[in-house]
1. Exactly one condition in (1) farther than 17 Å from residue 302 by Cα; (2) open to solvent by less than 40 Å² (accessible area, probe 1.4 Å) is false for residue 274; which is it?
2. What residue, of 395, 319, 338, 290, is within 30 Å of residue 137 (Cβ to Cβ) and among the basic types (Lys, Arg)?
3. Please determine, by comparing only the residues of the range 177-192 that are assigned to a loop (DSSP other than H, G, I, E, B) and in contact (Cβ under 8 Å) with a residue 40 or more places away in the chain, which one is farthest from residue 93 (Cα to Cα).
4. Determine whether the range 283-305 contains at least one residue that is in contact with an Asp or Glu (Cβ under 9 Å, 6 or more places away or on another chain), touching a residue at least 12 places away in the same chain (Cβ under 8 Å), of a type in the set (Phe, Trp, Tyr) and within 16 Å of ligand 2 (Cβ to nearest atom).
5. Based on this model, can you work out whether residue 329 counts as in contact (Cβ under 8 Å) with a residue 40 or more places away in the chain and more than 22 Å from residue 25 (Cα to Cα)?
6. Tally up the residues in the range 40-94 that are of a type outside the set (Val, Ile, Thr) and under 27 Å from the mean Cα position of the chain (by Cα), please.
7. Being β-branched (Val, Ile, Thr) and in contact (Cβ under 8 Å) with a residue 60 or more places away in the chain is the filter; apply it to the range 108-149 and report the residue that is surrounded by the most Cβ atoms within 10 Å (Cβ to Cβ).
8. Could you please find all residues in the range 95-132 being closer than 16 Å to residue 162 by Cα and aliphatic (A, V, I, L, M)?
Amino acid sequence: MHDYAEEVLALVQAKNPAEPEFHQAVREVVESVERVIERHPEYRAAKILERMVEPERVIIFRVPWVDDQGEIQVNRGFRVQMNSAIGPYKGGLRFHPSVNLGILKFLAFEQVFKNALTTLPLGAGKGGADFDPKGKSEGEVMRFCHSFMSELYRHIGPHTDVPAGDIGVGGREIGFLFGAYKRLRNEFSGVITGKGINWGGSHVRPEATGYGCVYFAAEMLATRSDTLQGKTCLVSGAGNVALHTLEKLIQLGAKPVTCSDSTGFIYDEQGIDAQKLAWLREIKNVRRGRVQEYTERYPQASYTAFVPGASSSPQWDVRAQCAFPCATQNEINEEDARHLLANGVTCVVEGANMPCTSEAVKTFLDAGILFAPGKAANAGGVATSGLEMSQNAMRVCWLPEEVDDRLRTIMRSIHAACMDAAAAYGTPGNYVNGANIAAFIKVADAMLDQGVV
Ligand code: NDP
Ligand code: 2IT
């Protein structure tokens with residue numbers, strides 16, 4: 001890395017100690033865009049990078065609530081309003097015990113670039129709480145969401161900051177959050193996306209992240225005159241992104257063979273088909289159970305529990321051609337990456353945010369396989385949130401086909417933007433550089449236009 005990039009990274013590390021995921025996300029962008037800054041010294045002069053790594057605003061708040069035993073619980077809530085150069089802050093809320101400021105800053109930082117790639121006018125933010133919805137009753141989840149919104153509502157709005165879901169925040173939580181906002185503000189607006197279809201939601205928003213990933217994979221494969229038809233695919237996670245990735249893979253004739261949760265993974269050598277996926281949906285969305293229950297109905301599949309602290313994960317040591325990590329950050333390390341390559345994987349598409357460590361990404365890029373960073377490949381979710389905002393503003397509801405067509409067009413244009421930027425800066429086929437560069441230029445130019453703010 002060159003001096004200036006090192007300088008920015010050192011500044012971030014010094015100012016934000018103990019935030020390793022944030023450092024990781026910043027490092028990747030800085031390494032990609034240093035070639036842009038060399039060609040365009042005006043960005044350096046205007047301290048664009050130094051401004052981008054500092055959130056515009058961070059809100060941290062207490063979230064007290066009463067559990068079913070009558071005991072008072074206290075969680076910590078956050079909203080990181082990262083960058084509003086090209087639109088209102090936009091990004092999900094994550095409810096998971098691992099949530100802390102550093103994790104949310106990495107997610108908010110990634111969101112800046114992702115949202116810029118969507119072609120829509122969306123700034124970036126991320127928020128959440130160290131609350132674990134797992135094992136909580138409906139009443140507990142509702143009381144938590146209402147308490148969370150009783151502080152957050154004063155910081156957000158349809159033209160200011162528009163949250164959505166992420167890990168641990170699905171349709172149920174969005175409903176409780178929206179209900180609280182509506183009551184507190186006495187207004188029905190598009191302040192949150194991922195709403196129910198009968199009350200302001202968009203068709204295809206629940207599916208959009210997973211579908212978008214698969215559309216992106218198809219675009220990448222097409223550059224090598226290939227398709228998903230008949231490809232054996234590994235998918236991790238069993239949440240919103242993973243289940244809709246599985247669905248679209250099945251529709252396009254691929255053969256997904258794995259999925260997982262935080263305790264273990266399923267391997268079904270015969271392939272997860274539409275019927276088996278329906279069972280997985282019931283396990284996750286109705287029973288709120290574990291993927292292990294898959295084998296109750298399909299005993300030919302194997303379930304392997306993860307060993308905490310293991311140096312690699314067995315879910316990435318399976319023969320396949322494509323991999324879609326759709327669970328969480330840093331779930332593929334260098335050793336996993338080597339296993340994937342040894343098993344014949346030639347296309348890795350990040351459905352989750354930053355699921356591959358820096359070393360894993362380097363391993364894939366050095367091997368010359370197709371590798372799609374999450375900020376490009378999973379942008380279909382937030383893009384469709386942008387489409388939900390447009391429909392809310394116009395008080396209309398587009399048909400599912402119309403939203404899906406727009407999603408496909410957006411994924412195609414993100415793919416093209418990555419390809420073009422990567423080639424223009426001397427690294428053809430490198431989607432990491434392509435995504436970072438195309439997005440950086442868009443946001444940086446907006447910041448230049450708006451002066452020192
Ligand atoms: P969900 O909460 O619906 O599902 C998350 C899945 O990942 C669950 O199967 C969960 O297992 C697993 N998981 C979560 N944390 C861990 C962990 N620490 N280790 C192993 N497995 C884990 O979330 P989403 O599907 O919405 O999100 C998945 C990823 O996709 C995240 O990285 C998110 O940021 C990203 N993303 C989501 C978008 C969206 O629209 N929802 C858009 C773009 C990106 P368990 O039940 O055991 O916790
Ligand atoms: O990481 C993400 O892009 C999301 N969780 C979706 C954000 C959104 O505003 O739809």
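1. Unmet for residue 274, out of (1) farther than 17 Å from residue 302 by Cα; (2) open to solvent by less than 40 Å² (accessible area, probe 1.4 Å): (2).
2. Just a single option satisfies the conditions, and that option is 290.
3. 189
4. No: zero hits.
5. no
6. The number of residues fulfilling the criteria is 28.
7. 112
8. 104, 107, 108, 112, 116, 120, 122, 124
The values are calculated or read from the model by the stated rules, or taken from the named source; none is laboratory data. In this text the structure is predicted, and so the values were computed from the model without any measurement. Reconstructed Cβ throughout: ideal geometry from the backbone, glycine too, with neighbour counts over all protein chains shown. When the accessible area is computed, the model is the full protein with side chains, heavy atoms only, and any ligands, DNA or RNA have been set aside. Shrake-Rupley method; radii C 1.70, N 1.55, O 1.52, S 1.80 Å.
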